[in-house]
Amino acid sequence: MKLVTYLHDGKEAVGVLSGDGAAVRLLPFPDMNALIEAPRDRLLSAVKDAGDSLPLSAVTLLAPIPRPRQDVICLGINYKAHAEEAERYSSEAFKKERPIPIYFSKRVSEAVAPEGFIESHSGLVQRLDYEAELAVIISKTARNVRAADAADYIFGYTVLNDVSARLLQTTHKQWYFGKGLDGFTPMGPCITTADEIAFPPALRISSRVNGELRQDSTTDLLITSIADIIEELSSGMTLLPGTIIATGTPAGVGMGFDPPKFLKPGDVVECSIEGIGTLRNTVR
Ligand code: MG
């Protein structure tokens, strides 16, 4: 299933996309977090009984979880080729012993819609950058989960652009400010449920800026796997239903080029993952 949050007649709703992705049917849940927490059989019967479909052109898609209940958990430097480009850009900021994962938190008061705007924060932000990432959505309360059982705790997957202000990120010792500004988390266009994607996911992930291919990799090249991330985090931190884990970005971000290719107002950033879809966001 591909599940979405959308606006129709000024009201926010959740729905399921048709097989061809051209239409949406309303589901009887107040929001996506309530849908994720509902028993599986209730979700399946709601999908079976869903009402008339609306053409997708008649609605405005929002991020599938527009207002996450908690900050997004992020992995830093989790693809080998990206680790190398980050270290070339700033060895002081990014040189790390591996394979101990870097976890950080991304504040998201409101996630950006799949066709919404990335805020450039001119005056505050220099060196604005993009990071296409596979995000995992947790299905049920996870504590002390073994890696072998981790797939049972995944509700589905979405695309997330971990927009980054590189100068803030590297000036401050922690990444929280440089990663957590308003308008820095485009997400969507849908959640593809875990039953549709073989585990661990091996999906093509790419990004383009103004049509130019920048990142092009596959999601099975993570340094720390999704199963290991869930095992380690849940060994001491309860992961609640609806938790979003962004698993890191492959090589090809703006700071990885020589000279760097940072974003400017008017640029169009597309982040795509096979089987989920494309975010198409304009910088303003
Ligand atoms: Mg990232």
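Cβ-Cβ under 7 Å, sequence separation 6+ or interchain: first residue in region 60-80 and more than 25 Å from T218 (Cβ to Cβ), partner within 16 Å of the ligand (Cβ to nearest atom) and in a strand (DSSP E or B). Which pairs?
Listed pairs, sorted by first residue: P68/I244; D71/S105; D71/K106.
Six or more apart or on different chains, Cβ under 9 Å: which pairs go from a residue in region 159-188 that's open to solvent by 20 Å² or more (accessible area, probe 1.4 Å) to one that's of a type in the set (F, W, Y) and within 13 Å of the ligand (Cβ to nearest atom)? Could you list them?
L168/W175; T170/F94; Q174/F104; W175/F104; Y176/F104
Starting from residues that are among the acidic types (D, E) and touching a residue at least 40 places away in the same chain (Cβ under 8 Å), keep the ones in region 93-118 and report whichever is surrounded by the fewest Cβ atoms within 10 Å (Cβ to Cβ).
My answer is E110.
Please enumerate the residues belonging to region 77-123 that are closer than 27 Å to G266 by Cα, within 12 Å of the ligand (Cβ to nearest atom) and part of a strand (DSSP E or B).
The answer is K106, and nothing else.
Hey, can you tell me all the residues within region 167-196 that are touching a Lys or Arg at 6+ places or on another chain (Cβ under 8 Å) and either among the aromatic types (F, W, Y) or within 13 Å of the ligand (Cβ to nearest atom) (or both)?
Q169, Y176, G178, K179, G180, F184, T185
Yes or no, residue by residue, for (1) among the β-branched types (V, I, T); (2) modelled with pLDDT under 95; (3) more than 15 Å from L75 (Cβ to Cβ):
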{"position": "P200", "(1), (2), (3)": "no, no, no"}
{"position": "D216", "(1), (2), (3)": "no, no, yes"}
{"position": "E232", "(1), (2), (3)": "no, no, no"}
{"position": "L240", "(1), (2), (3)": "no, no, yes"}
{"position": "I244", "(1), (2), (3)": "yes, no, no"}
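Give region 133-166 a look and list any residue that's among the aliphatic types (A, V, I, L, M) and more than 16 Å from the ligand (Cβ to nearest atom), or say none. Give the steps one after another, and end with the answer.
Residues of region 133-166 that are among the aliphatic types (A, V, I, L, M), as a first pass: 134-138, 142, 145, 147-148, 150-151, 154, 159-160, 163, 165.
The answer is I137, I138, A142, V145, A147, A148, A150, A151, I154.
Which number in (1) small (G, A, S); (2) closer than 14 Å to S272 by Cα; (3) open to solvent by less than 20 Å² (accessible area, probe 1.4 Å) marks the one condition that A227 misses?
It is condition (2) that A227 fails.
Confirm whether S207 is part of a loop (DSSP other than H, G, I, E, B) and touching a Lys or Arg at 6+ places or on another chain (Cβ under 8 Å). Step through it out loud before you land on a result.
Numbers: part of a loop (DSSP other than H, G, I, E, B): no; touching a Lys or Arg at 6+ places or on another chain (Cβ under 8 Å): yes.
For S207, the condition - part of a loop (DSSP other than H, G, I, E, B) and touching a Lys or Arg at 6+ places or on another chain (Cβ under 8 Å) - is not met.
Quick one: R214 ticks every box in (1) more than 16 Å from the ligand (Cβ to nearest atom); (2) farther than 15 Å from L160 by Cα; (3) of a type outside the set (S, T, Y); (4) in a strand (DSSP E or B) bar one, so which box is it?
Among (1) more than 16 Å from the ligand (Cβ to nearest atom); (2) farther than 15 Å from L160 by Cα; (3) of a type outside the set (S, T, Y); (4) in a strand (DSSP E or B), R214 violates only (1).
For region 234-254, which positions are within 16 Å of the ligand (Cβ to nearest atom) and hydrophobic (A, V, I, L, M, F, W, C)? Steps first, answer last, please.
At the first step, the residues of region 234-254 found to be within 16 Å of the ligand (Cβ to nearest atom) are 244-254.
Residues satisfying the conditions are I244, I245, A246, A251, V253.
Restricting to region 7-61, name every residue that is more than 19 Å from A111 (Cβ to Cβ) and acidic (D, E).
D9, D20, D41, D49, D52
Taking region 44-56 as the search range and keeping residues that are in a helix (DSSP H, G or I) and without any contact (Cβ under 8 Å) to a residue 12 or more places away in the chain, which one is nearest to L3 (Cα to Cα)? Outline the logic, then answer.
Here is the first cut: in region 44-56, the ones in a helix (DSSP H, G or I) are 44-48, 56.
Subset that is without any contact (Cβ under 8 Å) to a residue 12 or more places away in the chain: 44-45, 48.
Numbers: L44: 12, S45: 14, K48: 14 Å.
By that ranking, first place goes to L44.
What are the pairs, 6+ residues apart or on separate chains, where a residue within region 120-131 that is at negative phi has its Cβ under 9 Å from a residue that is among the aromatic types (F, W, Y) and within 16 Å of the ligand (Cβ to nearest atom)?
Q126/F262; L128/F262; D129/F262
What pairs come up if the first residue lies in region 197-217 and is open to solvent by less than 80 Å² (accessible area, probe 1.4 Å), the second is part of a loop (DSSP other than H, G, I, E, B) and of a type in the set (F, W, Y), and their beta carbons are under 9 Å apart, counting only those six or more places apart or on different chains?
Between residues of region 197-217 that are open to solvent by less than 80 Å² (accessible area, probe 1.4 Å) and residues that are part of a loop (DSSP other than H, G, I, E, B) and of a type in the set (F, W, Y), the close pairs are S207/Y130; V209/Y130; R214/Y130; R214/F257; Q215/Y130.
Name the residues in region 1-54 that are in contact with a Leu (Cβ under 6 Å, 6 or more places away or on another chain) and of a type in the set (S, T, N, Q), would you?
Answer for region 1-54, where residues must be in contact with a Leu (Cβ under 6 Å, 6 or more places away or on another chain) and of a type in the set (S, T, N, Q): just T5.
Here is a check on your reading of the model: is V72 away from the ligand (no atom under 16 Å from the Cβ) and either crowded, with 19+ Cβ neighbours inside 10 Å or farther than 30 Å from I229 by Cβ (or both)?
No: the conditions fail for V72.
The values are calculated or read from the model by the stated rules, or taken from the named source; none is laboratory data. Keep in mind that this is a model prediction, so the values were computed, not measured. Ideal geometry is used to build each Cβ from the backbone, glycine not excepted, and the neighbour counts take in all protein chains shown. Just the protein is used for accessible areas: all its heavy atoms, side chains included, with ligands, DNA and RNA removed. Shrake-Rupley method; radii C 1.70, N 1.55, O 1.52, S 1.80 Å.
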